[in-house]
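J.: One structure, pasted below without further comment.
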Amino acid sequence: MLSDLEKQVILVLQRDLEIEPRPFLDLAAHLGLEEEVVLAAIRGLMEKGYIRRFGATLRHQKSGFEANALVAWKVPEARLKRVGQELAAQRVVSHCYARRPAPAWPYNLYTMVHGHTREECLEIAARMARETGLTDYQVLFSESELKKTTMRYFSSQ
Amino acid sequence: MKNPKTENRKAATGALDDLDKAILNEIQSHFPIVSRPYEEVGSRVGAPEAEVVRRVRAMTASGVIRRLGANFTSRKLGYTSTLCAAHVAPERLAHFVEVVNRYPGVTHNYLRRHHFNVWFTLIAESLERLDQILAEISKASGVEVLSLPAQEIFKIKVDFPV
């Protein structure tokens, strides 16, 4: 369970960190707490897994990985875990999820793959297909970003 | 469509130098949770604190850094999420996107080249709330939405070596 202090810290951490020499000092002042208390709370939230990562998020297309594709795979249920772990281990895969398929859409494993070009993404998907023996998959390239934001947790509390 | 197409936006500044890259690699995965984090980063990459601060500000201004802060594990906070897909006719696209993007729980939304051409992620505080939002979206837009809830997460990694 989260303490009230942890919930307060989570609320203020949903905004970007100010780029200042002592960025946590402002957060602490905002909450009426000592800087060291806030730092300890953040470390605790990281250790307990509530914060899965703390740091900079880059724009992929500005850091050399220009192209990405969502590749949806149809995997026999008995192989799902094994194949999911195999594909997740690849460096070019940033996200790998098993998902419950829908009647009109039978794909149950999703990998986000990154390459320098779209052709490279297609090659990556083809190579993964050869390695896994999976033959039914869909490569989904994005045409445009319609929204990209971060979730605001506990915002109505 | 009035939504900004940020996907293909070009970098506003030139290439990153070795010090920029060293700083990025540090602050992506190992951002120090200490009183003076940029002093600590500087000691790791061999630069003074003020220089690190200046470069992080510049890379944020130029758009290389999209955001700086905490990424939460939504499931551990009691939230649940799903990936949604919809087949939307071109003439209904603008309205559909407007309806969908209104929800704060829609964090990512992409137009993709496929029969199912709109793909978005939705986070909510419960499965019931997810279903309720999807029903509202279908009712307001007249579009049927596929929901593909996550069953197991094998990897979430947003770090890239630069």
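The values are calculated or read from the model by the stated rules, or taken from the named source; none is laboratory data. The structure presented is a predicted model; accordingly, all values stated were derived computationally and were not measured. A quick note on method: Cβ atoms are made from the backbone with ideal geometry, for glycine too, and the neighbour counts reach across all protein chains shown.
J.: Which condition number does A:Glu86 fail, the rest of (1) under 28 Å from B:Thr60 (Cα atoms); (2) assigned by TED's automatic domain parsing to the domain that holds A:Pro106; (3) not β-branched (Val, Ile, Thr) being met?
T.: (1)
J.: Kindly list the number of the only condition in (1) over 22 Å from A:Ala72 (Cα atoms); (2) in a strand (DSSP E or B) that fails for B:Ser81.
T.: Status for B:Ser81: all satisfied but (1).
To keep it simple, each residue is scored yes or no on (1) part of a helix (DSSP H, G or I); (2) small (Gly, Ala, Ser).
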{"position": "B:Val97", "(1), (2)": "yes, no"}
{"position": "B:Ile137", "(1), (2)": "yes, no"}
{"position": "B:Ala140", "(1), (2)": "yes, yes"}
{"position": "B:Pro149", "(1), (2)": "no, no"}
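J.: A:Met112 is checked against (1) of a type outside the set (S, T, N, Q); (2) part of a loop (DSSP other than H, G, I, E, B); (3) in contact with a His (Cβ under 8 Å, 6 or more places away or on another chain) and fails just one. What number does that condition carry?
T.: (2)
J.: Moving on. Looking at A:Leu70, A:Leu58, A:Leu146, can you tell me which residue is crowded, with 17+ Cβ neighbours inside 10 Å and in contact with an Asp or Glu (Cβ under 9 Å, 6 or more places away or on another chain)?
T.: Working: A:Leu70 fails: in contact with an Asp or Glu (Cβ under 9 Å, 6 or more places away or on another chain); A:Leu146 fails: in contact with an Asp or Glu (Cβ under 9 Å, 6 or more places away or on another chain).
Answer to the check: A:Leu58.
J.: Please work out which residue is nearest to the chain's Cα centre (by Cα), limiting yourself to segment B:7-51 and to residues that are modelled with pLDDT under 90 and under 19 Å from A:Pro23 (Cα atoms). Steps first, answer last, please.
T.: Going through segment B:7-51, the residues modelled with pLDDT under 90 turn out to be B:7-16, B:29-30.
Going one step further and asking which of them are under 19 Å from A:Pro23 (Cα atoms), we end up with B:29-30.
Numbers: B:Ser29: 16, B:His30: 19 Å.
So the residue we want is B:Ser29.
J.: Taking segment A:128-157 on its own, how many of its residues are part of a strand (DSSP E or B), touching a Leu at 6+ places or on another chain (Cβ under 7 Å) and not small (Gly, Ala, Ser)? Please lay out each step first, then the result.
T.: Kept after step one, since they are part of a strand (DSSP E or B), are these residues of segment A:128-157: A:137-148.
From the residues that got through so far, the ones that are touching a Leu at 6+ places or on another chain (Cβ under 7 Å) too are A:139-140, A:142-144, A:146.
Of the ones still in play, those that are also not small (Gly, Ala, Ser) are A:139-140, A:143, A:146.
Matching residues across segment A:128-157 total 4.
J.: In segment B:94-104, what residues are facing another protein chain (nearest Cβ under 9 Å) and surrounded by fewer than 21 Cβ atoms within 10 Å (Cβ to Cβ)?
T.: Going through segment B:94-104, the residues facing another protein chain (nearest Cβ under 9 Å) turn out to be B:97, B:100-101, B:104.
Those that are facing another protein chain (nearest Cβ under 9 Å) and surrounded by fewer than 21 Cβ atoms within 10 Å (Cβ to Cβ): B:Asn101, B:Pro104.
J.: When you look at B:Leu130, is it over 19 Å from A:Val113 (Cβ atoms) and under 21 Å from the mean Cα position of the chain (by Cα), yes or no? If you could, list the steps in order and put the result at the bottom.
T.: Working: over 19 Å from A:Val113 (Cβ atoms): yes; under 21 Å from the mean Cα position of the chain (by Cα): yes.
Yes, satisfied.
J.: Could you list all residues from segment B:107-135 that are part of a loop (DSSP other than H, G, I, E, B) and either on the phi > 0 side of the Ramachandran plot or without any contact (Cβ under 8 Å) to a residue 40 or more places away in the chain (or both)?
T.: Narrowing segment B:107-135 to residues part of a loop (DSSP other than H, G, I, E, B): B:113-117, B:125-126.
Answer for segment B:107-135, where residues must be part of a loop (DSSP other than H, G, I, E, B) and either on the phi > 0 side of the Ramachandran plot or without any contact (Cβ under 8 Å) to a residue 40 or more places away in the chain (or both): B:Arg113, B:His114, B:His115, B:Phe116, B:Asn117.
J.: Just to be sure before I move on: is B:Ile65 farther than 21 Å from A:Arg52 by Cβ and either of a type in the set (A, V, I, L, M) or crowded, with 21+ Cβ neighbours inside 10 Å (or both) in the structure I sent?
T.: Spelling it out, it is not the case that B:Ile65 is farther than 21 Å from A:Arg52 by Cβ and either of a type in the set (A, V, I, L, M) or crowded, with 21+ Cβ neighbours inside 10 Å (or both).
J.: Further question on the same structure: Yes or no: A:Leu134 more than 13 Å from every other protein chain (Cβ to nearest Cβ) and in contact (Cβ under 8 Å) with a residue 40 or more places away in the chain?
T.: Spelling it out, A:Leu134 is indeed more than 13 Å from every other protein chain (Cβ to nearest Cβ) and in contact (Cβ under 8 Å) with a residue 40 or more places away in the chain.
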